[in-house]
Amino acid sequence: MSRSRRFLNERARGDGMKLIDERGGTSVLDHEISQLTKIRSNPHERMRHLLPGKGKEPVSSVKMLAAREGNYTGRGRFSSSDCCHLLSRYLPTNGPSVVDQMRSCAYVSQFSTDGSLFVAGFQESHIRIYNVDHGWKIQKDIRAKSLRWTITDTSLSPDQRFLVYSSISPIVHIVDVGSGMKQSVANVTEIHEGLEFSSPTYDYDNYTFGIFSVKFSTDGRELVAGSSDSSIYVYDLEAKRLSLQIPAHTSDVNAVCFADETGHLIYSGSDDSLCKVWDRRCFGTREQAAGVLIGHLEGITYVDTRGDGRYLISNGKDQAIKLWDIRKMSSNINYSPRPRSYDWDYRWMDYPEHVRNKRNPHDLSLATYKGHSVLRTLIRCYFSPAHSTGQKFIYTGSSDSSVYIYDVVSGAQVAKLDYHQEPVRDCNWHPYYPTLVSSGWDGIIAKWEFSSTDTSPLPKKPLSRLWRRS
């Protein structure tokens, strides 16, 4: 093992500093991920030191272009970290422009892997797919089938041929995105094939089983889903059957995702306040979690992977995002959180002030990010794109109608995007361009961009609407 690898592993085993201290102040993340983030988003060492000046960061774009022309690095071009150093300073904070507006709450926002398509899911059975490269025109307008309350999640296949959508229902439906049909009405103009995620029930009308989260694997062969029966399901699309059901948590599983491109690791987050890591290679006769990530005081609303099989973030109803390293997870898979001593329901009550600064004594997280609000609905959070920012930011929707962007290393709030009049449940950053799209319960899909010359006024804010519960 190299000296640098031993050093990074020792840092990983040490206790990372919290970004939020007891007084609400910020500190610097002292962990391997801070080094990895800097490696991905800092300019080349020679470029930083050979340029005129004191080597301060960020290095200006003009100086970096001059250094490239002078071949200071010996490469004759920008490295990926040089590109991230340039692009990450251009945050998508200008605007917004309104992409679309519906009469029902927007619940889901998602760019395709290459950024050419954008998916928005609405409460009243609507899913719209926009062609980003052709002026955000509607490429497919989908009317969902077997909808209960709302579209809870959607996921595009990696090859962008298929889309799956879920609801408070045991059936996930799959739609052919590549067909030439623009209007896709379930089983009228197109077949929306149903994928059964639960054993059949005769009392379907009163059945409360629901899927809260569904994701394609990187190879597009499997789906992973989190459900209201505290379980994780894996569906084999080639065999057209469930390949795995895990009784994973003690409450609703609100969020699941594959950890990396191998598909071996699965992350889950639940209303039992725990994140868990599942390694399918280690499943024997008993399907047990590889480990538990303890730290949140309330339920988990979303989890997002960094894509490296090590790091993830989670959004919690304790009004905080937490950053995790799975190498620090607990092996106590039977850990049971202490029940709270107060009555509180996030759907219609404010978070109690007397527990706002309370910390879990068994907290295993590397860092905690606060400032946004997680109330009324399952608010989502993400790492910023690897290509354009080196994943140096974390961003999230918020029930106070805003989008928040945090610096991963310093924990500082670098931007707050205000426009919506209702909670922003989801938002998504373009994988390559400085464009971010937010979807709110006001029915608006808003697009934020970077533009140094944009002097156009903000679009007129919509009138306030009655709030809804999720």
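Any read-out appearing in this document is the output of simple, stated calculations on the displayed coordinates, not a laboratory observation. Since the model is a prediction, treat every value here as computed from it, not as a measurement. Here the Cβ positions follow ideal geometry from the backbone for every residue, glycine too, while neighbour counts run over all protein chains shown.
Summary table below
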item: Ordering of 233-242, 250-259 by packing [mean C-beta count within 10 Å, highest first]; result: 250-259, 233-242
item: HN-Hα J in Hz across segment 137-153 - Karplus 6.51, -1.76, 1.60, θ = phi - 60°, x for Gly and Pro; result: 6, 6, 8, 8, 10, 9, 9, 6, 10, 6, 7, 10, 6, 6, 6, 8, 6
item: Normalised contact order of segment 181-304, rounded percent, pairs of Cα under 8 Å and 6 or more residues apart; result: 17 percent
item: Segment 300-402: relative contact order as a whole-number percent, Cα under 8 Å and 6+ apart; result: 32 percent
item: Subset of K38/K358; K276/K358; K182/K215; K182/K447 violating a 26 Å alpha-carbon distance limit; result: K38/K358
item: R0 of 22 Å, Cβ-Cβ distance A412-R89: FRET efficiency to nearest 0.05; result: 0.95
item: Sequence ranges 317-324, 154-161, ranked by mean other-Cβ count within 10 angstrom, highest first; result: 317-324, 154-161
item: Inter-probe distance in nm under a simple model that places probes 7 Å from Cα toward Cβ, at D159 and R338; result: 5.3 nm
item: Label-point separation in nm, Q183 to S251, each point 7 Å along Cα→Cβ; result: 4.4 nm
item: Gain upon complete extension [D308, I138; 0.36 nm per residue less C-alpha separation]; result: 57.8 nm
item: Efficiency of FRET from Cβ geometry, E353 and R241, R₀ 45 Å, rounded to 0.05; result: 0.35
item: Protection-proxy order for peptides 97-103, 353-359, each taking the mean of Cβ atoms within 10 Å per residue, highest first; result: 97-103, 353-359
item: Efficiency of FRET from Cβ geometry, Y432 and I191, R₀ 30 Å, rounded to 0.05; result: 0.35
